[in-house]
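Chemist: Pasting in a structure now, in structure tokens, and then I'll have a few things to ask.
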Amino acid sequence: MNTSQAWTPVRWAAHADVRLAFDRLTGNDQGEPLLLIAGLGVSRLWWPQGLSEAFGARGFAVARYDQRDAGQSTRLPATAARSPIAALLGRRGAAYTAEEMTDDAIAVLDALGWESAHLFGVSLGGAIAQRIAIRHPSRVRTLTTMSAVPGDAAGLETIRYVRLSTLVKLSRLKFPDTVEGDIESGVAVARLISSPGYPFDERSSRETITRIADAGVRDARSQSRQIGAQWHGPPISTIKAPTLVLHGAGDPLIHPRAARRIAVRVPGARLRILPGVGHELPEPVWDAIVDEVLGLQLLDRPAALGESLPVSHGRLGAAGEQDTGGEE
């Protein structure tokens, strides 16, 4: 797309003592409400502009927000955990629960005036989207989770899905506490999680990250608080919303077995493994992803609850892998 749609000025939602920054893509206020939920530590600005616009062009009213401990939203007090690995292993006390992070999203929906919405979460955002569908089923029209672990996994159970070698590499990235350090760390992270089937465009990545200038990728303390938030609710098998599970075949951070596990356990879920895709959203698959999310709206409620689903013949149905069961 040659022109970029603007986002509204930042607005704020409140949940207890936490303020949550959010905005909306302009130009389609009456469309199907779609809430984008970002991954570990990063702000809402990490969502690709072109993908957001592609959703808008296909009839969605698009909103995005910063989770607590990310972007412009409230930062919580430091805890003893100094790294995401320590927090993941549960070695230190948690700053808050996964339920509280889940309810943050509901506060954003309330501030938007949306009774319900389609959800699209990536990485940690995908796990949170699953939890919203469990905890607040009436607020979820459809659920798309990408590059995520099962939303009810916790602590050591999560380890089976995470490529620890990549997590260690991420934890060893050290950059100065400056804007320049934010940019260099952002580029380094983008390169590390990039898609093996698509060339990494460092120049474009650097330009985008320079505009974002987000410290989240090197803020281990905030990441630790987010990843240390444990889920205490029902299992993902109770999800009733039509569900799409996306995962890159070449994801260097979260193993595709996580997506297969989600698809097995969520009734009626559709699974699409994306060839050549890593732990990101590369431009060549944007239109195909939008097609798949649109396809969720065509599912009737009985199908969403577990009856046989038709094979998708959309772009990911042709190029990707459909899998409704089985683990590697």
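Chemist: Taking only pairs six or more apart or across chains, which ones have beta-carbon atoms under 9 Å, a first residue in segment 43-58 that is over 15 Å from GLY71 (Cβ atoms) and open to solvent by 10 Å² or more (accessible area, probe 1.4 Å), and a second residue that is assigned to a loop (DSSP other than H, G, I, E, B) and among the β-branched types (Val, Ile, Thr)?
Modeler: GLY56/THR26
Chemist: Still on this structure: Only one of (1) assigned to a helix (DSSP H, G or I); (2) touching a residue at least 40 places away in the same chain (Cβ under 8 Å) is not met by GLU157, so which one is it?
Modeler: (2)
Chemist: Taking the options ASP287, ASP251, name whichever one is part of a loop (DSSP other than H, G, I, E, B) and either modelled with pLDDT of 95 or more or open to solvent by 10 Å² or more (accessible area, probe 1.4 Å) (or both). Working first, answer last.
Modeler: Values: ASP287 fails: part of a loop (DSSP other than H, G, I, E, B).
Unique residue meeting the criteria: ASP251.
Chemist: Provide a single number: the residues in segment 254-277 that are open to solvent by less than 10 Å² (accessible area, probe 1.4 Å) and in contact with a Phe, Trp or Tyr (Cβ under 8 Å, 6 or more places away or on another chain).
Modeler: Selection size over segment 254-277: 2.
Chemist: Within segment 152-187, which residues are closer than 28 Å to ALA94 by Cα, among the hydrophobic types (A, V, I, L, M, F, W, C), open to solvent by less than 30 Å² (accessible area, probe 1.4 Å) and modelled with pLDDT of 85 or more?
Modeler: Result: ALA153, VAL162.
Chemist: A follow-up question, please. Quickly run through segment 93-137 and pick out the residues that are in contact with a strand residue (DSSP E or B) (Cβ under 8 Å, 6 or more places away or on another chain), open to solvent by less than 10 Å² (accessible area, probe 1.4 Å), of a type outside the set (Gly, Ala, Ser) and closer than 20 Å to GLY155 by Cβ.
Modeler: ILE128, GLN130
Chemist: What are the residues in segment 197-215 that are assigned to a loop (DSSP other than H, G, I, E, B) and under 20 Å from the mean Cα position of the chain (by Cα), if any? Show your work before the answer.
Modeler: Our first condition is that a residue be assigned to a loop (DSSP other than H, G, I, E, B); within segment 197-215, this holds for 197-201, 213-214.
The answer is ALA213, ASP214.
Chemist: Going by the conditions given, is GLY197 touching a residue at least 60 places away in the same chain (Cβ under 8 Å) and open to solvent by 20 Å² or more (accessible area, probe 1.4 Å)? Full working, then the answer.
Modeler: Details: touching a residue at least 60 places away in the same chain (Cβ under 8 Å): yes; open to solvent by 20 Å² or more (accessible area, probe 1.4 Å): yes.
Criteria met by GLY197.
The values are calculated or read from the model by the stated rules, or taken from the named source; none is laboratory data. The shown structure was predicted, so the numbers you read here are calculated from the model rather than taken from an experiment. Cβ sites come from the backbone with ideal geometry, for glycine too, and all protein chains shown count toward neighbours. Quick note on the areas: whole protein, heavy atoms, side chains included, nothing else; ligands and nucleic acids left out. Shrake-Rupley method; radii C 1.70, N 1.55, O 1.52, S 1.80 Å.
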